[in-house]
Each structure stands twice: as C-alpha cells, then as structure tokens.
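What follows draws every value from the coordinates through simple rules; no lab data is involved. It should be emphasised that the depicted structure is a prediction, and the values quoted were computed from it without experimental measurement. Glycine also receives a Cβ, built like all others from the backbone with ideal geometry; neighbour counts cover every protein chain displayed.
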Amino acid sequence: MTDTRKLNERLSAARAETEARGETFYPGPSRIHLASFPPKERWDDWVELDSKAWPKRVEKRYMLVPTTCFNCESACGLLAYVDKETLELRKFEGNPEHPGSRGRNCAKGPATLNQVTDPDRILEPLKRVGGRGEGKWARVGWEEALDDIADRIRTAMREGRHNEIMYHVGRPGEDGFTERIMAAWGVDGHNSHTNVCSAGARAGYELWCGIDRPSPDHARAEVIFLVSSHLETGHYFNPHAQRIIEAKQRGAKLIVLDTRLSNTATHADFWLAPRPGSEAAIQLAIASYLIRERLYNREFVRRWWNWEEYLRRVHPGLEVSFDSFERMLEAEYESYTFEFAAAESGIDADVLRQVAETVSTAGTRLSTHNWRSASASNEGGWQVTRTMFMLSALLGAIATPGSTYPNAWNKFVPRPIRLPRHPETWNDLNWPIEYPLSMYELSFLLPHLVREGRGRLDVYFTRVYNPVWTNPDGFSWIEMLSDEEKVGLHVALTPTWNETAYFADYILPMGNGAERHDLHSYETHDAQWLGFRQPVLRTARERLGERVGDTRHTNPGEVWEENEFWLELSWRIDPDGELGIREFVESEERPGERLNVDEYYRWIFENSVPGLPEAAAAEGLRPLDYMRRYGAFEVTRDIGPLYERPVPDEELEDIAETDEGRVYTRAAATGTPNLAPTAAPPADAEGRRPVGVRIDGEILRGFPTPSGKLEFYSPTLAAWGWDDVAIPTYIKSHVHPQNMDEDQMVLISTFRLPTQIHTRSANAKWLDEISHTNPLWLHTSDASRLGVGTGDLVRVETEIGHFVVKAWVTEGIRPGVVACSHHMGRWKLDNGSAEGQRQLMATVSLDRDDSRWKMSRKAGVGPFDSSDPDTRRIWWTDAGVHQNMTFPVHPDPLSGMHCWHQAVRVVKAAPGDRYGEVAVDTRRSAEVFEAWLAKTRSAVDNSPDGTRRPGWLIRPVKPTAAAYRLPDAKS
Amino acid sequence: MELMRALGALSEPPSDQTAELCRLLEIERPPAEGEYETAFLFQLYPYASVYLGAEGQIGGEARDRIAGFWRALDLVPPVAPDHLALMLGLYARLVELEESAGAERAQRGWRQARAAFFWEHLASWLPVYLIRMVEIGGRTYAAWAEILLDTLRGEVERLGPPARPPLHLREAPPFDDPRHATDEAPARAFLGQLSSPVRTGFVLVASDLHRAAAELELGLRAGERRFVLEALLSQDAAAALGWLAGFAGASTRRIERPQLEAFEPTRRFWIERCRASAALLGELAADARPASGQGAT
C-alpha cells in the first residue's frame, strides 16, 4: 500500500520550493495550469526547433522579451522571440503574464514582425526638397531636424503664438506621456482623433457617470448587450472577444444590434439588424418595458439616480418623493412602446419584447457596450450610449460582477515623475466656441476652421495619424496641408508611409510595437493592470550586458522612439530654461542633464505602482527590471462598486451638503498614484471640494458627477441650452427616413476588417494577404432592383461627390442599407517617386479643377523585388476604394462627433466610371460644414457662467481656469 | 492535494519535469521511449467519456456532464474537461478549497462538491481503468496506476460511500442483444457497443484484440478497435464471440478482486455489466457456431 500522505507532503514541499525560485512546477504544454507557454524561468534561453530547417532537427535558441502590441488600442501582451545567435526578431507570440490578453492574440499581434521587416518602411528622417506633395525627399540627420523644429517652436513661443503649435494624434497607444509634453510646453495643442472615433459614445457615458468609457465585465455576465459594428471584431477584438466567448460557454445570452451581419452578430442569440439610427429607440423601448413592468432595480435607482434633482428642476410642483419620480419616469417613457420601436427600427415588436424579457432576466449581471458604431454614426448618436447605459442603471448593473464598470475604475495610469502646469491658452482650432460640450477636440474640422481664418499652424505634428485618409473630406485636408500659409511646417511622425505624410516637410521614422517605450492600461475586466511596451532589441542587448545609449542604436535604420524624441525636442526648445519647459525634462538623478527613459520609467515603477516594488523584490528584481522581464503587472483586481464605499472620517472636514446630498469638504484630497481620466466636479461656492454623497444617512464616495450620483437628468445639458435632451431620449438621426429622399440609401462606412486596423497594418504582408478589398455590401433585393450582381461596379453618390466600387450581393445586410469597410483604399501618388506601401497601396493620380478633385486609379498592387522574397509572391491586385474622401464633415452639434453614416444614392456605374475612382467638390463640402455648424448652440449664447465649457467635463490638457473664460467675459 | 495534481500531470505527455515527478512519487524510473504513447495514446485513452459514454468515444453526453460540473462551480469548462489530468487537477483544487474555507458552511459546501465530483466523475470509471493500466501500462505507468488507485481508496475512506450510484452509471444504456436490434446497421451498432466499457462492463483495448487474433489464429488487420473486431468476427464469428465472452468473464474476476472492494456501489455496477456481457456473448457465440457436423470449410 502506497504511503500517499508521505508522497503528498513531499510533492507539496517540492512545489513550494520550486515556486519560491520563481519557477513553474508543472511546466510545458500542460492542462494542469493551462501552462501552454514557455515557462517564464526559461525566457532567457528558450529552445525550439527551427521550422525552416525541417526535416532536420535544428535547435534555435531564443531570448523571449515581452512588449505590447501597437496595432489596436487593446495593448495586448506580446512575447518577442529574439534569436540569440543573430539578435534578430524571429516571431511574436502572446505574453501569458499579461492580465488583459492572457497570452492570446489576434492576427495583428504576430504580424508585428511584418511591420518590423517591411521592406517599404521609412528608416531615416526625410526632409522635403520639392513642393509639398511633389514627392521629393532628401535624407536628413536627426540633429538637423531637431534643431530646425525646436528653433521654430521656440520662436513661436517667444512671440506668444502658442496656439500655432499642434500635435495631432491618431491612436495614442499610450497613456498621457505626450499630453504632458504639450502641457509642459504650455500649449493647448493636443489634438486627438476622438471626434472621428468615440466622442459620441463618450458623451453618453460621461453625462451619466462622469467617466467617459465603459468597462464591460463580459466574462461574468448573464446577458451581454452590444451595439456593435466592430466592437468585438476590431477595436478590442481579443480581450473582449475571449471573455464574451467564456460567458457564452457558461450559458450567457448575447444580444447584438448591428445592421450588418458582423462577426460578433454571428455569435449572437439575438441578432437585431435595425434601421441605422434607431438603436436608441430600441433601447428606450426596453427601458420602458422594465419601468412599466416594475422589473428594474428600484432600490438602486432610489439610492443612486439624481431623481430628486430631476423632480426639483423639471417638475417643481411635485412632491420630492421616489413615488413621484417613479410616476414621472413611467410617464416620460410610456410612448416608447415596442410598436414605436418596431416602426422606427423595422424589427418586429415581438422580437423586441423577447429581447427586453431577456435583458430583464440579467439582474445585475448585464454587461453593455457601445464604443463607435451607432454612437459614432448618427446625429444624436451620443444618446445611443446614454440610453444603453440607462438599461444598466435601471438594473443596478453598474460595477457589480458581470456588469458594466466606469473604465477609470478598471484602468491604471501611474503618476509620472513630474506633472506639468495647466496651459494658459485656449486653442479655438481644437475647441471652437460653437461646441462647448464636445467630447474632445473637433479635430476633423481643422481644414474648415483654418479656411475660415480662425487661426493658422506654424508647427503641425501628425503622429501615427493619417487625416487625409482617415478623416472625412480628405481633399480639404490636402488643400490645407498644401498651403504653406496655413500650415508653416508639417512634421509627420510615422513608422510607415501614409497619405498625409506625402504633404509633410519632415518625415520622422518612429518605432513599431517592438521598437518603443509606452505605458498602457485598458479596461478588460474588473482589475487594474499596466502594460509596458519596450524596444525589444534594446532590452535583449541590455540583458546580455550591453549599455545602450538610446533606442536608435538598436532599432532598424535610424528609427527612433517617440518618448526619447519628445524629451530631446523639449530639451532643445528650451536649452536654458527660459520658457519653463526644461524643468519638466531634466533628470533628477543627474541634474543638468536630460531625463532619459530609464529614469522616467524607473521612477514610475518604484513610486507610483502599488505592489510592484514588492512583487519585484519577491523575485529579487528591481521594479524596472521586473517590468522589462514580464511586460505587465496587475495592480489590483475585484474593485467592485467604488461608489458604495464610505468616505473615511479624515476626509470629512468642515463639510457642506446640498439638498440632494452632495457633500463637500475642506480636507485636502488624498494623493492617488492613479491618474486614469475622470471628470472633475466643481467645488462649492466656498471652495470645498466634492468628496461624496449622502445616501440613506451615510456619506459614500459616489460618482464623479456634479451631483455625485448617476445623472439621469443632466443639469449640465439643461444649463448649456440642451434642456430638451437632458434625460435619455431618442434623437432622429440625419439618416432617419424623414431626412432622406426616397431614392437614397444609408451607407454604413465604419465597420472594420478583423485583420486590419486603419492605416496601421497596411505594412503587414500576412494581414494584407488575408484582407485587401472592401466591396459594397448590397442586399439581394437592392441588387435586383439596381440590376447588379457581385463584382459589378456601382457608383456611390454622397453629398459632395462619389466613389466607384464593386458590389458584393449578400443577405447579410438590411435592405435599403449598404456598407463598405473603411479599412481599405490606401493609395500612393503617381508622381514618379516610389514612396508608399507597395503591398496594399494602389497608385493614383490626383487632378484638381478649382474646388473639384478627382482621384483616378492608375495601377493596383502587384509583385515586386525587395529584401523580402515574399513580395515577389503578391498575388492580389486589389487594394480597395477610398470612400472617406467623399464624405463631408457631419459634426454632431452637441458631442462634436463626426456622424459617419451617409445618405447616398447607389447607381450602376456609368460607362466611363473606373474602379477606385473618387470625385469631390470641396466647395460643396464647405457648404455642408456650414449647414451643420448652424445646428450648434454656441457657448456665446448658452454659457450659464461666462465660460467656454463646463469645467467639470474631461478634457485633455486642461488649461487654467482663466483660459476657460469666454473672450468677452475675460475683458 | 498535490499528489492528485502530480498524478494528473503524469497522464500528460512526458516533459522535462516527468523524471522529477517520478522520483518524487517513488516510481522506479521515468517512462521509457514510447511507453507513454503505448499506454495512453494506443491503449487506455485518458478521457472519462471513453469509459462512461454510450459510444465509447471521446466527447458526447458524458463529457457534457463533466463540463456541467465545472459550470455548476461557476467555472468555464476547458475544451476537454474529461481529460484525466484536468479532472485530477480540479479535484485537487476542490480539496484545497475545502481545506482553506474559513466558515464551516463554506467548508461543508466544498466537501459536498468534492464528494460529488469524486463519486460521479472519478470513482465511476477510474478503478476499472486503473486495474487495466496496472496490467498493460508498462513499469512506469503500472506503478503510476497503483499509486492513483491507492490514492482513490484513501479518498473513499475520507469521504464515505455515496448516497446512490453515479448518474453516469444509473443512466448508462445496456449492452443490447443484437438479435433484437432495430438499428439500420446492427453489425456496426454491435461493434460500437463492444467498444463502450459502460455498456459491456469491460475495457477492451487494442492489445487485447491483438492477443485474441493470436490465440484464435485469425488474421489481424491493423486499425482502430471496431475495425479489428469487425475483421475478427468476419473471419470466425463464433470463435471471436467466444473469446470475447471469456474476456468478459476474466474482466468480471478482475473487478471482483478485493483491491476494488472499497469502490462500492460503482464496483457492483461494473461486475453486473461484465457478467451480463459474458452471458450474452456466450449465447451469441453458441448461436454463431455451425450446426454439428458441418465444419468450416
């Protein structure tokens, strides 16, 4: 008989001893601990057989270095395999130590290798030597470029032209570094792409809870409700998709509203294909059902909605009691019946009822999510997330397991070594006065605002951003960028050629995901984690004992990383400290010298990340070495409903309280190392800061809104001229049938291809081979009416022009609606220069006749000779069609979000029409801009307090309070 | 309960850690080359559904039931929840959860889950699986099977007998008499049932069929078990069925050994199934014999 007790004790002791050394007791592909990754103790020397040597068994030795993917926003963990013999990158796999992606990646992660070895990438700084857009470039040294740019910026600052300096960022891929650089410069020049992306969604979330992003806990949900054209197939494809599938395996129900049969929709229990723009009507019908049938969480609503404020402001004659509120609530939404929603959406009322019943079974385990899609496509789209969040708020499904959390509670942005001051300027080019409530900058209006003479740019950085291609109305961008009076110096920071870079003065090559430092944290589950992107070859060399100066020494060619670039540029702008910039980029360890990235991150990891020093010490490492070794750290998890946490007594000093229970204190705020963005509710009249809210006699932390509660009724909207939409309502879209002609159809242009990501992945050959075209989805009934079949050319006519594309006839889209992915249609100019991504850029000519532009496709893609033999194997010729150029700007008058949906006419191509042709009249696009501008409610007419914008709303690089004052009010 | 977890790890393909685990478990030597493959890939597949499923194959309702247990614990079932390594890993975790539970009520709950998993999903098939592994697993895996069997017996002592037999066994379909078959392809169904331990009560593996072919002097056609069985039956049905009846009888005696007495009432189920199979196969063999005087030509 075996002595099982003895064996058990011996095994337990052996395991404890092994794990104390930081090693894995059950290594290798094993089901015991899902350890199907190289065990971490072998990351310095991992052996695999060389696949290229097959059938011989040749061992390759690798060093595995973690980093994070730079292709989409998820920042999934990657493990780079560095060949120890050659110190070259061989492949990328998932990083099992990353809490968000947990070792799993989508196709875009491993394709980072393609981007590193891309034969067309830009390897040296280039300076324009011909006219803008002529395609004539000369190599230039970093020193010369830095000095030239720094000198120009310094001059502008000395002359008080701070607003002529602008940094325009695409997907940041980092949390706040460059924002702080802009603040250190004292400029209000941070300009993001948010208004062509997520501003609509942000508005809906922020007005409810003071935090502008959702963090759905899909994995633990019982019912998952998505308004999505790409949510789980593009943006957050991997971390969210894997958790949705986990929930489905548990038996959770998935509801997807998507006019098009997306990848997400194919997994749904309920796929609703509504008429575009009707999503809020559907959600309000569900809300109305929950209210009518008393299926909502009444206790949660009573405790956490600002219903008292609603009653006092909207129904001053009524008794302020929850009974009164419930009566009013039912009355407010009684007209949103299933029949009403059916008429708006075209979906059967019985189906909507079934969906509502399913939602009602979720309890507090309802996870809801919308990020672009309908909220980014429709006038009033911000009400899509506002009405969606209302479902969560009705069920009390806020920050409970399986619900939706405000993202700032599931995100960690560590405090850096220095925080700069608030700039003293207000840049009207980013924050025009007509849009006081916009969520982030009106970036896509820039050419129109400059054309109107509202300002000019002396130094304009585009950073991994391609507005000519990505933004609507690209020809207006070309007009602006081509005009040196409007844009004095355009510096394109980019790892690869793009359509905007053609119109730059400098092109500065920046690193890909394996060639740069960044810190990144995203909402993937109820936890806070920090991902560390790092230049992989630099770390590998340092592990081997080399001392590396800066990242250029280990990156390909003269490719640099942005952080070192910004630090160096800042240093050169203010060499003697005269401008007050130098102090933010000076070393603490080596006074008089510039801060370097090692010191920057070392300080953060040692001082601002709770638990990291201890975790590192447990393995005998310093915090920076720990992050270089593992690439990620989970700071905390199971955060739960922060709003329910009592405010400690020491924070309650000389408190004041409003009728609705908002509590203010004189106690100083306790410092937090986490700078995740949240709103900043205002102080009371006597300067006390808001600290909590009294609920049933107890002072709880609440939400970062002015009331401290969930703002069902937004006093901010009411005060700033939008009282008609101060509660969640349905706004009829600009593509509502009543706003369209009978022969028009809705064009959905926002959906993604799961294996591409905007302009960022056209240099990835594996992805290009998978996805290289964007036909127009056309329902069979519409195809029949038009007399076209799959592959036939059609002309799509917008308000300002047209494009010619191939049809793809399918049942996977609603009749009367067409769709075309925006991930295709890349182009390079037929101007004799070879610049461009030859794997996925068509060659085009641009012809201009006054305001009329025409793009003609001269050649498609084909095989070519390069350092990569695979480029001889390119078999595809298509590169898609660039549709965004034909879209006029549609700024939502409240959120500022560009409303992407287009009312179009689809007709058979005319005899002279050619595939890929694009025609636009920019004079017409200016008229459309003016028409949408007329819908706004300006701060001049509606500001309740003489400011340009409610101070409590989130805003990148917040200026000083004085800069918030309206020009007249200032004087 | 690291012992369970380590034993589970040994049912995985050998890794660098295997030798160390063998040493810690006092197994004489790590597996020789090919020993793992012979034991687990060609003979005794380490998946519960093979032994508990009506089809004798990986997956199906038996696997779903095991996945259901994961779900009941609010865990996401893995792709193959019935793999022995995972099952022993989960059991080890349940033991740890019980031992670390602070409140008595929570502890009771975990004990209940542990006992349910043990009797429903481990003790329902592992004893008959392991006694076969002791026979044919080679030195390393025979020793491994002995340790696991002893470990399971120790658990029976701790947990006590179940209130009633496991659902897998209560709902197991019988070994149908092919003479009363209504299937469209009765021969195929019969072959399938012969490969399903939970129907027949015996665990018939590839090496058994090789032995049968040798003893009966029949041609052995290489292939999976149904294919080999079909070849044997097509050559001499009476002899093959007679051999199978004898195998069922031997299996009965194997399970009747005192070594498995602890595992009542599951042991009773397997003995009864074996006996019934032996009787049925004996009858079928008799039916298949040619009438007196008419020898095979």
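Per the Kirkwood formula applied to alpha carbons, the range A:551-698 shows a radius of gyration over Rh ratio, Rg over Rh, of 1.10. For A:LYS806, the aspartates and glutamates whose Cα comes closer than 16 Å to its Cα, not counting residues fewer than 8 places off in the same chain, are A:ASP782, A:ASP792, A:GLU797, A:ASP878, A:ASP913, A:GLU917. Dimensions of the range A:343-401 from C-alpha coordinates, computed as largest minus smallest value along each principal axis and given longest first, are 32, 27, 14 Å.
In the range A:814-935, what is the count of Lys pairs whose alpha carbons are under 26 Å apart, counting only pairs at least 8 residues apart or on separate chains? Before the final figure, lay out each step's value.
Numbers: A:LYS828/A:LYS854; A:LYS828/A:LYS858; A:LYS854/A:LYS908; A:LYS858/A:LYS908.
Summing the qualifying lysine pairs gives 4.
Among A:603-613, A:866-876, the peptide with the highest mean count of other Cβ atoms within 10 Å heads the list, and the full ranking is A:603-613, A:866-876. Assuming R0 = 45 Å, can you tell me the calculated FRET efficiency for the pair A:THR670 and A:LEU49, based on Cβ-Cβ distance, to the nearest 0.05? Computed FRET efficiency for A:THR670 and A:LEU49: 0.25.
Using only alpha carbon positions, build the gyration tensor of the range A:125-238, then give the equivalent ellipsoid semi-axes as the square roots of 5 times its eigenvalues, largest first, whole angstrom. Numbers along the way, then the final one.
Working: eigenvalues 309, 79, 32 Å².
Semi-axes from the Cα gyration tensor: 39, 20, 13 Å.
Rg over Rh for the range A:289-393 works out to 0.98, both radii taken from alpha-carbon positions and Rh defined as the Kirkwood radius. Cα centroids of the range A:700-734 and the range A:447-520: 35 Å apart.
Is the C-alpha gyration tensor of the range A:537-637 telling us rounded, prolate or oblate? Criteria: a/c under 1.5 is rounded; beyond that, a/b larger than b/c is prolate, otherwise oblate.
Working: a/c = 2.35, a/b = 1.40, b/c = 1.67.
Taking the square roots of the gyration eigenvalues as a ≥ b ≥ c, the range A:537-637 is oblate.
Where the convex hull is taken over the Cα atoms of the range A:786-868, what is its projected area averaged over directions, in nm²? Mind showing how you got there, number by number?
Working: hull surface 32.7 nm².
Orientation-averaged projected area of the Cα hull: 8.2 nm².
Averaging 1/r over each pair of different alpha-carbon atoms in chain A and inverting the result gives 29.2 Å, the Kirkwood hydrodynamic radius.
If you average 1/r across every pair of different Cα atoms in the range B:172-259 and take the reciprocal, what Kirkwood value do you get, in Å? Numbers along the way, then the final one.
Details: mean 1/r = 0.0736 Å⁻¹.
About 13.6 Å, per the Kirkwood formula over Cα pairs.
Lysine pairs in the range A:48-170 with alpha-carbon atoms under 25 Å apart, 8 or more places apart or on different chains: how many are there? Lysine pairs, 8 or more places apart or on different chains, close enough: 12. Percent of Cα pairs in the range B:147-297 per distance bin of 10 Å, from zero to the largest separation: 10, 36, 32, 16, 6, 1, 0.
Let me have the relative contact order for the range B:186-280, percent, based on Cα pairs under 8 Å that are six or more residues apart.
Details: 95 pairs, mean separation 29.5, N = 95.
Across the range B:186-280, relative contact order equals 31 percent.
Amide H to amide H distances under 5 Å link B:GLY137 with B:ALA142, where only residues 5 or more positions off or on other chains count and H is placed in the peptide plane. As an equivalent ellipsoid, the range A:818-971 spans semi-axes of 43, 21, 15 angstrom, where each value is the square root of five times an eigenvalue of the C-alpha gyration tensor, largest first. Each listed q (0.09, 0.11, 0.22 Å⁻¹) maps to a log10 I(q)/I(0) for the range A:470-616 from the Debye sum over equal C-alpha point scatterers, namely -0.41, -0.60, -1.34.
Size check on the range B:48-204: the Cα extents along the three principal axes, sorted descending, read 58, 37, 30 Å. The residue among A:HIS736, A:ALA540, A:ILE417 whose Cα reaches farthest toward the positive pole of the charge dipole of chain A, with charges on the beta-carbon of Lys, Arg, Asp and Glu, is A:ALA540. Residue farthest toward the positive end of the dipole of chain A, with Cβ of Lys/Arg at +1 and Asp/Glu at -1: which of A:GLN528, A:LEU953, A:GLY860? Of the listed residues, the answer is A:GLY860. With the simple spin-label model, which puts each label point 7 Å out from Cα in the Cβ direction, the A:HIS315 to A:ALA859 separation comes to 7.1 nm.
Need one word for the range A:707-766: rounded, prolate or oblate. Basis is the Cα gyration tensor (sqrt eigenvalues a ≥ b ≥ c); a/c below 1.5 gives rounded, then a/b vs b/c decides.
Details: a/c = 4.11, a/b = 1.53, b/c = 2.68.
Oblate, because a/c is 1.5 or more while a/b does not exceed b/c.
Note on the range A:212-310: Cα-only Rg and Dmax are 15.2, 43 Å.
Straight-line cross-link reach from A:LYS958 at under 19 Å between alpha-carbon atoms covers these aspartates and glutamates, not counting any fewer than eight positions away in the same chain: A:GLU164, A:GLU174, A:ASP175, A:GLU179, A:ASP188, A:GLU206, A:ASP212, A:GLU424, A:ASP428, A:GLU434, A:GLU441, A:ASP945. For the range A:396-514, the pair-distance distribution built from all alpha carbon pairs, in bins 5 Å wide starting at 0, is 2, 9, 15, 15, 15, 14, 12, 9, 5, 3, 1, 0 percent. Site pair B:ASP177 and A:MET740 shows an inter-label distance of 7.0 nm when each label is modelled 7 Å from Cα along Cα→Cβ.
Using Cα pairs under 8 angstrom and six or more residues apart, how large is the relative contact order of the range A:537-585, in percent?
Numbers: 33 pairs, mean separation 10.5, N = 49.
Computed over the range A:537-585, the figure is 21 percent.
Ignoring aspartates and glutamates fewer than eight residues from A:LYS248 along the same chain, the ones with Cα atoms less than 12 angstrom from its Cα are A:GLU222, A:ASP269.
One compactness figure for the range B:1-125 is 1.14, namely its Cα radius of gyration divided by 2.2 N^0.38 Å. Report the residues of the range A:63-107 in range of a label on A:TRP876: point 7 Å along Cα→C-beta, backbone N strictly under 16 Å from it. Output list for this probe position: A:107. Computed from backbone phi, the HN-Hα couplings of the range A:370-380 come to 9, 10, 10, 6, 4, 6, 9, 10, 10, 4, x Hz, rounded to whole numbers (Karplus: 6.51 cos²θ - 1.76 cosθ + 1.60, θ = phi - 60°; Gly and Pro given as x). How would you classify the range A:671-775 from its alpha-carbon gyration tensor, with a ≥ b ≥ c the square roots of the eigenvalues: rounded for a/c under 1.5, else prolate if a/b is greater than b/c, otherwise oblate? Oblate, since a/c reaches 1.5 and b/c is not below a/b. Here A:GLU589 and A:GLU144 are evaluated by their C-beta separation; at R0 = 41 Å the FRET efficiency comes out at 0.90. Averaging 1/r over each pair of different alpha-carbon atoms in the range A:1-145 and inverting the result gives 19.1 Å, the Kirkwood hydrodynamic radius. The calculated FRET efficiency for the pair B:SER100 and A:GLU606, based on their C-beta separation and a Förster distance of 51 Å, comes to about 0.95. Ordering B:VAL50, B:GLY68, B:TYR141 by Cα displacement along the dipole of chain B toward the positive end leaves B:GLY68 in first place; charges were set at the Cβ atoms of Lys, Arg (+1) and Asp, Glu (-1).
Between A:THR810 and A:ARG421, what length in nm is gained on full extension when 0.36 nm per residue of separation is reduced by their alpha carbon distance?
Working: separation 389, 0.36 × 389 = 140.04 nm, distance 5.51 nm.
Contour length minus the Cα-Cα distance gives 134.5 nm.
Report the relative contact order of chain B, percent, no decimals, based on alpha-carbon pairs under 8 angstrom and at least 6 residues apart. Numbers along the way, then the final one.
Values: 378 pairs, mean separation 52.9, N = 297.
Computed over chain B, the figure is 18 percent.
Regarding chain B, what's the average projected area of the Cα-atom convex hull, expressed in nm²? Before the final figure, lay out each step's value.
Working: hull surface 68.6 nm².
Average of the hull's projected areas for chain B equals 17.2 nm².
What does the extension gain come out to for A:ASP830 and A:ARG937, with contour length at 0.36 nm per residue minus their alpha carbon separation? The partial results should precede the final answer.
On the way: separation 107, 0.36 × 107 = 38.52 nm, distance 4.40 nm.
Full-extension gain reported as 34.1 nm.
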